[in-house]
1. Going through region 465-503 one residue at a time, which ones are at pLDDT 95 or above, within 23 Å of Trp425 (Cα to Cα) and of a type in the set (D, E, K, R)?
2. Do we have Ile193 as outside any helix (DSSP H, G or I), touching a residue at least 24 places away in the same chain (Cβ under 8 Å) and either within 30 Å of Arg79 (Cβ to Cβ) or touching a Lys or Arg at 6+ places or on another chain (Cβ under 8 Å) (or both) here?
3. Looking for whichever is over 30 Å from Tyr171 (Cα atoms) and touching a Phe, Trp or Tyr at 6+ places or on another chain (Cβ under 7 Å) here; the options are Lys277, Lys285, Lys268. Which one fits?
4. Please enumerate the residues belonging to region 435-488 that are within 16 Å of Ser413 (Cα to Cα) and without any contact (Cβ under 8 Å) to a residue 40 or more places away in the chain.
5. Return a yes/no flag: does region 435-449 have any residue that is open to solvent by 40 Å² or more (accessible area, probe 1.4 Å), in contact with a helix residue (DSSP H, G or I) (Cβ under 9 Å, 6 or more places away or on another chain) and of a type in the set (S, T, N, Q).
6. Within region 85-113, restricting attention to residues that are modelled with pLDDT of 90 or more and among the hydroxyl-bearing types (Ser, Thr, Tyr), which residue is most open to solvent (accessible area, probe 1.4 Å)?
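The values are calculated or read from the model by the stated rules, or taken from the named source; none is laboratory data. The structure displayed is predicted, hence computed values, not measured ones. Here the Cβ positions follow ideal geometry from the backbone for every residue, glycine too, while neighbour counts run over all protein chains shown. With ligands, DNA and RNA removed, areas are computed over all heavy atoms of the protein, side chains included. Shrake-Rupley method; radii C 1.70, N 1.55, O 1.52, S 1.80 Å.
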Amino acid sequence: MASREVSTMIKQGFISDPTLCFSFSPSRTTSTKTHSRLYSPSSSPPPPTESTRPSHNPTLFEMMSNEHHLDSKTIEESRKKTQSRVAKFLTELKICSFNNWGLGSGDVKLTVVSRDGYRVSMDVHRRVLSEKSRFFAEKLSQRREKGVSHTVEISECDDVEVYVETVVLMYCDDLKKRLIGENVNKVLALLKISAAIMFDAGISSCLEYLEAVPWSEDEEDKIISHLSQLELHSSMTEVLQRVSSEPSTSARADDVFLKLLSGVLQAKDDKARREMKTLISGLFKEDSFDDDNRLDVSKDTLYHLCHRCLSSLVLCLSEATCMDSSWRDRGVLMAEIAREADNLQWIVDILIDKRIANDFVKLWADQSELAELHSKIPTMYRHEISRITAQLCIAIGRGNILVPKDSRFSLLSTWLEALYEDFGWMRRASRSVDKKLVEDGLSQTILTLSLRQQQVILLGWFDRFLNKGDDCPNIRRAFEVWWRRAFIRRYADVQDNSQLQITVCSYPT
């Protein structure tokens, strides 16, 4: 073999390179030199000891061979397990044929062959096959000679083991009992074979099993897929009732959504209420592979709930303004205000996630009565309400709500002063309030306004921040951007002052 070819094969890993098999540690280098001095070229050095024997790096060919060996071993072990189970089924077949049918040796030799050539032969009875399977009844009816045994071979079978077990089921007197304890995947495989050979009792028993047992979500997908492929039509109606619904209108579904959402808003147990809010919000956010067929909560339902929450807030705050020092339990009213504000925050969060919160910005900006009542009660009662303003500013700052400039300015005109006043309490009283997130959202919202509106808001903030410090949101970033826009990178509309004139001339032809 040419040296170049050998070199190429070494690089590809099919031949190990002897020069790469030695360790280059100093001790081994010294040992090699010692041998060369003690022995003449004509004599052979002693065999290398275990410590000096070079380690062998496996070639690519060897690694591929080892992997193939492991795969073969795994296949062989799997085949042995299959053979063991098939042998058990064949024993059961003999017992059932005698006990349930009073039959001796079979008159039909049935052979099942897998795609990879694995064969199983069994002695079965024409009488049983013909009674139980319309497929076999048709095939065996072509030869009715008495005393003559027949040979039937089923080729290219997907699962020999399941086919053999299906034949055993034909001999069982209680198929439903026989299937108890089986898993869904096995029963689906038995159903597929039963349908292929038109084993009606097997089909019915498998469907009864699937209708009775619980399914995991993965099993549910498999069941729906298998049944749709088998096209059993009326036979599978009972099975699919747990996942199929009658044709439903969006109005009917909306009634269900309204009932569920109202139930959460009115829940008496706070822990259960929080848990169900998280659950329903997650379900609303789940992706659907078929959005055209999906029924979702309507915009009208969500805004109906918003108006209900707003009315409750106005009522609570009106009651709070009339409260005097002799009122028996301020904590009850405080909890009620916080609860209604939290309810409204939840509905607004759903609106934002569904990208239909634009109208709520205007609705919230128009709550002048609520804002007036808000200013008349102590901060400890009202600070949860300002979280709604913060929630909207964060969404606007992220581009999740797109509303006209006038609506954005109106929002801040109505509620910014309240947000300033409540910010310290919001930050201290609730761990879920992210100070930086609120400040960034407010900054971004302010910077979407006209430069004149930015100046009015930010100059007011500047004076307040100097007096309140950390109890006021720190929107210095918005202040910096406004400063640069106003004083450094000034932009003026460019007017076209050129005296460009266009003259039309006619040339003689």
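1. Arg476, Arg477
2. On the way: outside any helix (DSSP H, G or I): no; touching a residue at least 24 places away in the same chain (Cβ under 8 Å): yes; either within 30 Å of Arg79 (Cβ to Cβ) or touching a Lys or Arg at 6+ places or on another chain (Cβ under 8 Å) (or both): yes.
Answer is no for this residue.
3. Working: Lys285 fails: touching a Phe, Trp or Tyr at 6+ places or on another chain (Cβ under 7 Å); Lys268 fails: touching a Phe, Trp or Tyr at 6+ places or on another chain (Cβ under 7 Å).
Step by step, each of Lys277, Lys285, Lys268 is checked, and only Lys277 is over 30 Å from Tyr171 (Cα atoms) and touching a Phe, Trp or Tyr at 6+ places or on another chain (Cβ under 7 Å).
4. Ile446, Leu447, Leu451, Arg452, Gln454, Gln455, Val456, Leu458, Leu459, Gly460
5. Filtering region 435-449 down to residues open to solvent by 40 Å² or more (accessible area, probe 1.4 Å) leaves 435-437, 440, 444, 448.
Subsequent filtering for residues that are in contact with a helix residue (DSSP H, G or I) (Cβ under 9 Å, 6 or more places away or on another chain) retains 435, 437, 440, 444, 448.
From what's left, of a type in the set (S, T, N, Q): 444, 448.
Yes, some residue in region 435-449 is open to solvent by 40 Å² or more (accessible area, probe 1.4 Å), in contact with a helix residue (DSSP H, G or I) (Cβ under 9 Å, 6 or more places away or on another chain) and of a type in the set (S, T, N, Q).
6. Across region 85-113, the extreme among qualifying residues is Thr91.
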